[in-house]
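Written below as structure tokens is the structure these notes are about.
The values are calculated or read from the model by the stated rules, or taken from the named source; none is laboratory data. Just so it is clear, the structure is predicted and the values come from calculations on it, not from any experiment. Backbone-built Cβ (ideal geometry, glycine too); neighbour counts: all protein chains shown.
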Amino acid sequence: MMTIDYHIPVMLNECIKGLEINPDGYFVDATFGGGGHSKEILKHLKTGKLMAFDQDDRAVENVPDHDQLIFVKHNFQYFKNFLKYQDMLPVDGILADLGVSSHQIDTAERGFSFRFDADLDMRMDQEQKLSALEVVNEYPEEELARIFYLYGEFKRSRPLAKGIVQARGLSPIKTTNDLKAIAEPFLDKKHFNKGLAQIFQAIRIEVNQELEVLTNFLNDTVSALKPGGRLVVLTYHSLEDRLVKNLIQKGNIEGKQVQDFYGNLIRPFTPVNRKPILASDEEMAINPRARSAKLRIAIKNEVSN
Ligand SMILES: C[S@@+](CC[C@H](N)C(=O)[O-])C[C@H]1O[C@@H](n2cnc3c(N)ncnc32)[C@H](O)[C@@H]1O
């Protein structure tokens, strides 16, 4: 029987190089998933430790029994509290490979993909209450329009929100196919799948509060890393990448440039590369997920300048 990988790690070598692993240091993998990146980090450790996070029950099944690994089944936005509890602060490196895993997307019943008909769900953390079902059936029209516009960058966000509210007035929208049928009149025939991907992305970001969580996480990386420590982040859409880029290049998530008394930019990080690193053509050919990936690496400054 053919086995399908849980998730093929994206830019594995580039991420490991970016972390500049000190074999005796402390590291964080914020997004364990199938453990591809974590397992490689562990190979480089001698007396060091790795704390890895994932909020998905299924990811737990991939966790190896390893003395130097502490796995936390929790949202990574609280990572600093867990490091503190284990007396691991400050750390030498933090890796985050954002978004959903191939396993989550390819498991029909999770409702992440419009390729399958399934109940509307899209929760990464199965214990969470808010799911796509509530967002689609209960959010006010204005709020839906805002989500489609801001998180999906979907042009016809207002008519789509109106269409959803009208449709759910007749009967509840229960499945991914129900949602697809309602969205169809608002999609450009030539870019049908792109439009659907934007709508599904928007709902997924809202369900998992991805941008708020990422903001909290990124802000805490500043104080969690030791001077010289490495921040390595893989993003898969422009909204995530903008937050990471703002912090690394401008000095804060909002992207405001703040100067000190002498006119120097106050920045907690120095970017290792000005432009994000992209996957090689070979990797993109093997792993379609790598096509939208952007990797940013930064070094924590001695003092915030
Ligand atoms: C792209 S996959 C990571 C794949 C992993 N690097 C590997 O090589 O297998 C992202 C994973 O992060 C988890 N995740 C996303 N956001 C999270 C959050 N806020 N807290 C905890 N886990 C999260 C998802 O459940 C998913 O398993």
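Taking residues in the stretch 100-125 that are more than 21 Å from Glu138 (Cβ to Cβ), and partners anywhere that are part of a loop (DSSP other than H, G, I, E, B) and more than 10 Å from the ligand (Cβ to nearest atom), the pairs with Cβ atoms closer than 6 Å and at least 6 places apart or on different chains are Val100/Phe112; Gln104/Phe112; Ile105/Phe112; Ile105/Ser113; Ala108/Phe116; Ala108/Ala118; Glu109/Ala118. Within the stretch 282-305, the set of residues being farther than 22 Å from Gly99 by Cα and of a type in the set (D, E, K, R) comprises Glu282, Lys300, Glu302. Scoring Ser113 on the criteria (1) in a loop (DSSP other than H, G, I, E, B); (2) within 26 Å of Leu196 (Cβ to Cβ); (3) within 14 Å of the ligand (Cβ to nearest atom) leaves a single failure, condition (3).
Only residues that are over 17 Å from Glu14 (Cα atoms), near the ligand (Cβ under 9 Å from one of its atoms) and surrounded by fewer than 19 Cβ atoms within 10 Å (Cβ to Cβ) were counted across the stretch 40-58, and they come to 1. Hey, among Val244, Val222, Val213, which residue is at pLDDT 95 or above and in contact with a strand residue (DSSP E or B) (Cβ under 6 Å, 6 or more places away or on another chain)? So the residue among Val244, Val222, Val213 that is at pLDDT 95 or above and in contact with a strand residue (DSSP E or B) (Cβ under 6 Å, 6 or more places away or on another chain) is Val244. If you filter the stretch 80-108 down to residues that are within 16 Å of the ligand (Cβ to nearest atom), at pLDDT 95 or above and among the charged types (D, E, K, R), you find that the one that is nearest to Lys174 (Cα to Cα) is Asp97.
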